[in-house]
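**Q** Have a look at this one before I ask anything.
The values are calculated or read from the model by the stated rules, or taken from the named source; none is laboratory data. Fair warning: this is a prediction, and the values are worked out from it, not measured in the lab. Cβ atoms come from the backbone with ideal geometry, glycine included; neighbour counts cover every protein chain shown. Calculation scope for accessible area: heavy atoms of the full protein, side chains included, ligands and nucleic acids excluded. Shrake-Rupley method; radii C 1.70, N 1.55, O 1.52, S 1.80 Å.
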Amino acid sequence: MTEKRKPLLLDLHIPYCIQPENYLDYFHAIGSNAEKNMYLTCLGREILSYEGDLEDYEIRAIRMSGGSASVMSPDLLGKVLTLAREKLPVAKGAQVSYEALPNTVGTPHLTGIAAGHPNRVELMMRSESDEELRTLNCPFTMQDTRNALLFLNRFHMNNIGLTVNYGIPGQTMQSWKNTLHACVIIHPGHLRVEPLDQMKDWESSLALYEYAVRYLQENGYHQYKTGCFCLPNHEDRFELYSSMGTERIGLGVGNKSFFDGYIIRNTNNLQLYMKNAGQVEKVTAEVAEAESEEIMKTYLFGRLQLAGGFSTEEFKEKFSEEFPVHLREIVERLMEDGFAEESDGKTVLTVRGQYYFREICDSLQRKKKHN
């Protein structure tokens, strides 16, 4: 593969779970083993539909998303990853990551998926408190997380991330401190702190986020993106490249691609997807040509989420034109409201801006539709 090939991301969405967790907006399905195995077969058909069409690209990172890929057949997960490596232009040294529930990680799982050579796993730890895990309706306990980490260590999986949540009903500052303290003791390469999607008390949750930023940085974790902290060289490359505006192919039910100037969304109908996977025209629910304005705004918002921030010079280098007035007005408004500030010639989000950024983006999107 040459350096001239454009970087690309591959997202393989797994919608299945043991039981739906509360307060999360993921699309979840509970199916029989036969149905789940068929779904992975469908992912394989989608992978094959891109064979030979990506010669100008190089896949830098693969992610099995959805929060609970590990509930699937480990042997078939390994086969799906192997198929992607064999049929698509996956870069040498690409990061191949999957998201796992702690109580599903053990010898059978790790032995089966190993055939696909994953080199990173994201454990959905959620909380150190079993009471908070019950509130979230998680099918595991903190002891399951500890056990999973022991198994991962035995299998020499050294690139481990933990995802924890704040804004859980009943969560206190002390219980949040306990969760972060437990994470630091575990000492994973990566930590992701995520707000719940149905938080009630925004200001209290902001205090939790502010504490996480301060505490994790004090304990050696570098924040490279909003909500994402890591030890040196342990970035989640999928997250990092996404925020840099890298194109992506999203396979699986309800997934979205941003590729070759188009935005494509797969159907949310699971049965329709499984019937027609591999036939792009039949599984596509929406397709739209990405306007230059939309591409520029996506780039702006992605770069603002990175620790390095955004500069108009980088924008000009990427798009070969001056920074548009309507985007400049957005940046100026962020700064006026205290959500962003200037630092070394770049615009960077304040901690408050990081916390509210999703709400800011949603507000701008709603305003666009209204206009």
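**Q** Taking amide H positions as placed in the peptide plane 1.01 Å from N, state which residues far from residue 99 in sequence (5 or more) or on other chains have amide H under 5 Å from it.
**A** Those qualifying (amide H under 5 Å, at least 5 residues apart or on another chain) are 64, 67, 69, 122.
**Q** Give, rounded to the nearest 20 debye, the magnitude of the charge dipole that segment 1-153 has about its Cα centre when Lys and Arg contribute +1 at Cβ and Asp and Glu contribute -1 at Cβ. Numbers along the way, then the final one.
**A** Working: 15 positive and 20 negative charges, 90 e Å.
Roughly 440 debye for segment 1-153.
**Q** Go through 36/177; 79/282; 36/87 and tell me which ones have a Cα-Cα distance over 31 Å in this structure.
**A** Pairs exceeding the cut-off: 36/177.
**Q** Per residue of segment 52-61, in order, report the coupling 6.51 cos²θ - 1.76 cosθ + 1.60 (Karplus, θ = phi - 60°) as ³J(HN,Hα) in whole Hz, putting x for Gly and Pro.
**A** x, 9, 10, 5, 8, 10, 9, 6, 8, 8
**Q** Amide H to amide H under 5 Å from residue 90: which residues, 5+ apart in sequence or cross-chain, H placed 1.01 Å off N in plane?
**A** The list, which skips near neighbours in sequence, is 59.
**Q** If you don't mind, there's one more thing I want to ask. Provide the solvent-accessible area of residue 23, counting protein heavy atoms only and rolling a 1.4 Å probe, rounded to the nearest 10 Å².
**A** Answer for residue 23: close to 70 Å² accessible.
**Q** Still on this structure, I have one more. Could you check how many percent of all C-alpha pairs in segment 8-48 are farther apart than 12 Å?
**A** 66
**Q** May I pose another question? Scan the chain and hand back the longest stretch that contains none of the trypsin sites (Lys or Arg not before Pro) lying in DSSP loops with at most 13 other Cβ atoms within 10 Å.
**A** Details: sites that count: 4, 200.
Maximal segment without exposed cleavage sites: 5-199.
**Q** Using only the Cα atoms, work out Rg/Rh for segment 4-144, with Rh taken as the Kirkwood radius, to two decimals.
**A** Ratio of gyration radius to Kirkwood radius: 1.00.
**Q** What Kirkwood radius, in Å to one decimal, follows from the Cα pairs of the chain? Don't skip to the end; give the middle numbers.
**A** Values: mean 1/r = 0.0464 Å⁻¹.
It is 21.6 Å.
**Q** Return the whole-Å distance between the Cα centroid of segment 123-164 and the Cα centroid of segment 57-75.
**A** Each part's Cα centre sits 18 Å from the other's.
**Q** Okay, next question. With the other protein chains left in place, how much accessible area per residue, in square angstrom, belongs to the chain at a 1.4 angstrom probe?
**A** 47
**Q** Moving on. Could you report the accessible area of residue 360 in Å², rounded to 10, computed with a 1.4 Å probe on the protein chains as they sit in the structure?
**A** Looks like 30 Å² after rounding.
**Q** When a/c reaches 1.5 or more, the comparison of a/b and b/c decides; with that in mind, is segment 66-105 rounded, prolate or oblate per its Cα gyration tensor?
**A** prolate
**Q** Given segment 103-193 reduced to its alpha-carbon atoms as identical point scatterers, what log10 I(q)/I(0) does the Debye formula return at q = 0.17, 0.23 Å⁻¹?
**A** For segment 103-193, the Cα-only Debye profile gives -0.71, -1.16.
**Q** Considering only DSSP beta bridges with both partners in the chain, what is the antiparallel share in %, to the nearest 5?
**A** 40
**Q** Could you check the spin-label model distance between residue 154 and residue 320? Points 7 Å from the Cα along Cα→Cβ, value in nm.
**A** Placing both labels 7 Å beyond Cα along the Cβ direction yields 5.7 nm.
**Q** Next question, about the same structure. Determine the calculated [θ] at 222 nm for the chain from helices alone, applying -39500 (n - 2.57) to every DSSP H run no shorter than 4 residues and normalising by the residue count; nearest 500 deg cm²/dmol.
**A** For the chain, the value works out to -13000 deg cm²/dmol.
**Q** With the Cα gyration tensor of segment 17-82 giving a ≥ b ≥ c as the square roots of its eigenvalues, does the rule (a/c under 1.5 for rounded; else a/b larger than b/c for prolate; else oblate) give rounded, prolate or oblate?
**A** Prolate shape, in that a/c is at least 1.5 and a/b is the bigger ratio.
**Q** I would also like to ask the following. Please arrange 216, 231 by accessible surface area, largest first, computed with a 1.4 Å probe and ligands excluded.
**A** Most to least solvent-accessible, the answer reads 231, 216.
**Q** Mind listing the long-range amide H neighbours of residue 16? Cut-off is under 5 Å, sequence gap 5 or more, other chains count too, H placed in the peptide plane at 1.01 Å from N.
**A** Under 5 Å from the amide H of residue 16 lie the amide H atoms of 29, each far enough along the sequence or on another chain.
**Q** Can you give me the % of accessible surface on the chain that is carbon or sulfur? Probe 1.4 Å, all protein chains present, nothing else counted.
**A** 48
**Q** Restricting things to Cα coordinates, could you compute the convex hull volume per residue of segment 194-261 in Å³?
**A** Cα-based convex hull of segment 194-261, divided per residue, equals 124 Å³.
**Q** Taking the Cα centre of the chain as origin, work out the dipole magnitude from +1 charges on Lys and Arg Cβ and -1 charges on Asp and Glu Cβ, in debye rounded to 20. Intermediate results must be reported in sequence, preceding the final value.
**A** Details: 40 positive and 51 negative charges, 183 e Å.
It works out to roughly 880 debye.
**Q** Could you order 222, 234 so the one with the most accessible surface comes first? Probe is 1.4 Å.
**A** 222, 234
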